[in-house]
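S.K.: Here it is, the structure in full.
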Amino acid sequence: MTTQPTSLRVLVTGFEPFEQDPVNPSWEVARALHGEVIAGATVHAEQLPCVFGAAIAQLHQSLEQVRPVLIICLGMAGGRVDFTPERVAINVDDARIPDHADYQPVDVPVVPGAPAAYFSTLPIKAVVHQLREKGIPSSVSNTAGTFVCNHVFFALMHWLAQGRGEAGARGGFIHVPALPEQAARRPGMASMALATQVAALRETIRTSLTVAQDLKETAGQLH
Ligand code: PCA
């Protein structure tokens, strides 16, 4: 690991805690890599609020300030057992619970008039392959849900699709499982140690910066 800052930058975002949890692993993982140089690029970590609209405003501000070549947004999905790169962002907000501004949109577009969906431009199959090689449980997810995580993911992909990023910039979203201390309060909930999640993000960044062409390996699900 080098710590000398370079001109190439990676933006990683995580969310503030939500649903009465004192921590959100997505932010703990993101901030653990702040300032680290991976494959010649310096990581910049930013925390996003769990608020529709405000999260996108904060993301846009960070994108303009950091001008990253790679953007990886993270969120927690309690109940997931592994590290899950998301395949697709959809243009809908449909909240099961209110956000931190007490707003609960139902069937509202993230960006009115924008396409129904965007695919991640991260090499998601190559990432899953690499992580499994290292013994870290990982799989492709085909839904990022319809809450603030999907909302931010869609806004990111729309921003990139409009050509507002650096030339060739890639981006996507990853849901991470709970931390062991969170799972301890909820019997039966799966978890992954923070050190493992940090190692997974580091490998995801390295793979996303170095693998141009994604692998063609099945990650299909019947339902
Ligand atoms: N997970 C939520 C929002 C914040 C977070 O970490 C989600 O999956 O939408």
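The values are calculated or read from the model by the stated rules, or taken from the named source; none is laboratory data. On a predicted model such as this, the values are computed, not experimentally measured, just so you know. Neighbour counts are summed over all protein chains in view; Cβ atoms, including those assigned to glycine, are modelled from backbone coordinates with ideal geometry. Protein only, heavy atoms only, side chains kept; ligands, DNA and RNA dropped before computing areas. Shrake-Rupley method; radii C 1.70, N 1.55, O 1.52, S 1.80 Å.
S.K.: Please go through (1) in contact (Cβ under 8 Å) with a residue 40 or more places away in the chain; (2) out of contact with any His (no Cβ under 9 Å at 6 or more places or on another chain); (3) surrounded by fewer than 18 Cβ atoms within 10 Å (Cβ to Cβ) for ARG132 and return the number of the only condition it doesn't satisfy.
M.R.: (1)
S.K.: Same structure again: Regarding the range 27-46, can at least one residue be identified that is assigned to a helix (DSSP H, G or I), over 24 Å from VAL110 (Cβ atoms) and away from the ligand (no atom under 13 Å from the Cβ)?
M.R.: yes
S.K.: Just a yes or no: is a residue in the range 163-177 more than 12 Å from the ligand (Cβ to nearest atom), within 16 Å of ALA219 (Cα to Cα) and in contact (Cβ under 8 Å) with a residue 40 or more places away in the chain?
M.R.: No, the conditions are met nowhere in the range 163-177.
Matching residues to (1) within 20 Å of GLY171 (Cα to Cα); (2) free of Cβ contacts under 8 Å to residues at least 12 places away in the same chain:
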site: PHE15; (1), (2): yes, no
site: ASN24; (1), (2): no, no
site: GLY35; (1), (2): yes, no
site: ALA39; (1), (2): yes, no
site: ALA54; (1), (2): yes, no
site: GLN58; (1), (2): yes, no
site: GLN65; (1), (2): yes, yes
site: GLY75; (1), (2): yes, no
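S.K.: Looking only at the range 93-116, decide whether some residue is surrounded by fewer than 18 Cβ atoms within 10 Å (Cβ to Cβ), of a type in the set (Phe, Trp, Tyr) and either within 28 Å of ILE38 (Cα to Cα) or touching a residue at least 12 places away in the same chain (Cβ under 8 Å) (or both).
M.R.: Among the residues of the range 93-116, at least one is surrounded by fewer than 18 Cβ atoms within 10 Å (Cβ to Cβ), of a type in the set (Phe, Trp, Tyr) and either within 28 Å of ILE38 (Cα to Cα) or touching a residue at least 12 places away in the same chain (Cβ under 8 Å) (or both), which makes the answer yes.
S.K.: Would you mind stating whether ALA32 is under 14 Å from the mean Cα position of the chain (by Cα) and either open to solvent by 10 Å² or more (accessible area, probe 1.4 Å) or of a type outside the set (A, V, I, L, M) (or both)?
M.R.: Taking the combined requirement at face value, the residue does not satisfy it.
S.K.: Separate question: Would you mind finding the one in ALA95, ALA117 that is within 23 Å of ASP214 (Cβ to Cβ) and within 19 Å of the chain's Cα centre (by Cα)?
M.R.: Values: ALA95 fails: within 23 Å of ASP214 (Cβ to Cβ).
On inspection, the qualifying residue turns out to be ALA117.
S.K.: Then there's this: Can you confirm whether PRO49 is closer than 17 Å to VAL12 by Cα, open to solvent by less than 40 Å² (accessible area, probe 1.4 Å) and within 14 Å of the ligand (Cβ to nearest atom)?
M.R.: yes
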